[in-house]
1. Might you check whether a residue that is closer than 19 Å to THR171 by Cα, in a helix (DSSP H, G or I), open to solvent by 20 Å² or more (accessible area, probe 1.4 Å) and at pLDDT 95 or above occurs anywhere in the range 55-73?
2. Is it true that some residue in the range 170-193 is open to solvent by 10 Å² or more (accessible area, probe 1.4 Å), among the basic types (Lys, Arg) and farther than 27 Å from GLU27 by Cα?
3. Restricting to the range 171-197, count the residues that are in a strand (DSSP E or B) and closer than 23 Å to GLN210 by Cβ.
4. Among the candidates GLU265, GLU299, GLU269, which residue alone is outside any loop (DSSP other than H, G, I, E, B), among the acidic types (Asp, Glu), open to solvent by 20 Å² or more (accessible area, probe 1.4 Å) and more than 16 Å from CYS235 (Cβ to Cβ)?
5. SER107 passes all but one of (1) touching a helix residue (DSSP H, G or I) at 6+ places or on another chain (Cβ under 9 Å); (2) touching a residue at least 12 places away in the same chain (Cβ under 8 Å); (3) under 28 Å from LYS309 (Cα atoms); which number fails?
6. With the condition kept exactly as written, say whether any residue in the range 226-241 is modelled with pLDDT of 95 or more, open to solvent by less than 10 Å² (accessible area, probe 1.4 Å), more than 15 Å from the chain's Cα centre (by Cα) and farther than 30 Å from ASP123 by Cβ.
7. Being assigned to a helix (DSSP H, G or I), open to solvent by 10 Å² or more (accessible area, probe 1.4 Å) and not polar (S, T, N, Q) is the filter here; which residues of the range 75-92 pass it?
8. Within the range 273-288, work out how many residues are of a type outside the set (D, E, K, R), in contact with a strand residue (DSSP E or B) (Cβ under 6 Å, 6 or more places away or on another chain) and more than 16 Å from THR176 (Cβ to Cβ).
Amino acid sequence: MATPSFRPDGGVARFGSARHKAPMPIETLSTARSHGGTQGVYKHASTVTGTDMTFAVFVPDHAPGAKLPVLWYLSGLTCTHANVMEKGEYRAACAEHGVIFIAPDTSPRGPDSNGEAVPDDPDGAYDFGLGAGFYVDATEEPWAKHYRMRSYIEDELPSLVLRNFASADLTRQAITGHSMGGHGALTIGLRNQDRFRSVSAFSPIVAPSQCPWGEKALGGYLGDDREDWHAYDACALLDQGLRVPDLLVDQGEADNFLAEQLKTELLVEACERNGQKAEIRMQPGYDHSYYFISTFMAEHVAWHAERLKA
């Protein structure tokens, strides 16, 4: 089957506390054949963010009626769906293992449903605002209206996928991501431990309450009460007793963000003291770029596929 099949049915799916009913139409922006599958880019009007949202889906060819497991990929600061789609080199591995790959955006972009601009960092910085949603549900103004990426990833987008991609088996899901998206994968995986069979990350921000990127983002979106930040801090969630079935992390030793922002050693310590099963690999010579991600992407896809099909 060369293209994803669309299924606008009338059922109700529940993801977390949200409930989304059909119809949930999507617009196909592009499709292309690649590695024995179809790479598509889609757009829809999000009720969660109040804006149009764009996401990418790769569906391997499969027998009619077959169900394929799903691997979510969350991107990092400044990125859209396009970065991993163009540079991540995941399609051959996903086609080999029969895994659907879904890559959403990193923030609302705007204009919103009223034609108004979505707020951005007042100084135009890259690490807050547009392209830097940090996978949180903001509570502070002016961010709270649109910056609701936690609910978008945990609730709305899975419901949309369920209704529009008949081959997607959402009883078998895994999640991965890079940098800010690695933070998203870790925290979403920990908060939804019954949904994801496996979690991995490339160069994740492991303790955003203890690094400049995270302090700026969590403080700006959530306010100054650091207790409110713990739901978005992987190390804090582990200390609260949350776990994932299995965890794989790759981190480049030559990453210029490692010491100040990523602090991988804090995740190692948190996993050890809390008994979290994890393989955390330091990769000599690799930096923070997609040269690094693409090198290990096929390994991550295969690792997830093994657990998704177990």
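The values are calculated or read from the model by the stated rules, or taken from the named source; none is laboratory data. Just so we're clear, the structure is a prediction, and the values are computed from it rather than from any experiment. No Cβ is skipped: glycine too gets one built from the backbone with ideal geometry, and neighbour counts run over all protein chains shown. Note: areas computed on protein heavy atoms with side chains; ligands, DNA, RNA excluded. Shrake-Rupley method; radii C 1.70, N 1.55, O 1.52, S 1.80 Å.
1. From the range 55-73, those closer than 19 Å to THR171 by Cα are 57-60, 62-73; that's our starting set.
Imposing the further condition that a residue be in a helix (DSSP H, G or I) reduces the set to none.
No: the range 55-73 contains no residue that is closer than 19 Å to THR171 by Cα, in a helix (DSSP H, G or I), open to solvent by 20 Å² or more (accessible area, probe 1.4 Å) and at pLDDT 95 or above.
2. yes
3. As a first pass, look at the range 171-197 and keep what is in a strand (DSSP E or B): 171-178, 196-197.
Of the ones still in play, those that are also closer than 23 Å to GLN210 by Cβ are 175-178.
Summing the residues that are in a strand (DSSP E or B) and closer than 23 Å to GLN210 by Cβ in the range 171-197 gives 4.
4. Values: GLU265 fails: more than 16 Å from CYS235 (Cβ to Cβ); GLU269 fails: more than 16 Å from CYS235 (Cβ to Cβ).
The match here is GLU299.
5. The failed condition is (3).
6. Scanning the range 226-241 turns up at least one residue that is modelled with pLDDT of 95 or more, open to solvent by less than 10 Å² (accessible area, probe 1.4 Å), more than 15 Å from the chain's Cα centre (by Cα) and farther than 30 Å from ASP123 by Cβ.
7. Listed by number, the residues that qualify are HIS81, ALA82, MET85, GLU86, LYS87, ARG91, ALA92.
8. Of all residues in the range 273-288, those of a type outside the set (D, E, K, R) come to 274-276, 278, 280, 282-286, 288.
From what's left, in contact with a strand residue (DSSP E or B) (Cβ under 6 Å, 6 or more places away or on another chain): 278, 280, 282-283, 286.
If we keep only those that are more than 16 Å from THR176 (Cβ to Cβ) too, we end up with 282, 286.
Selection size over the range 273-288: 2.
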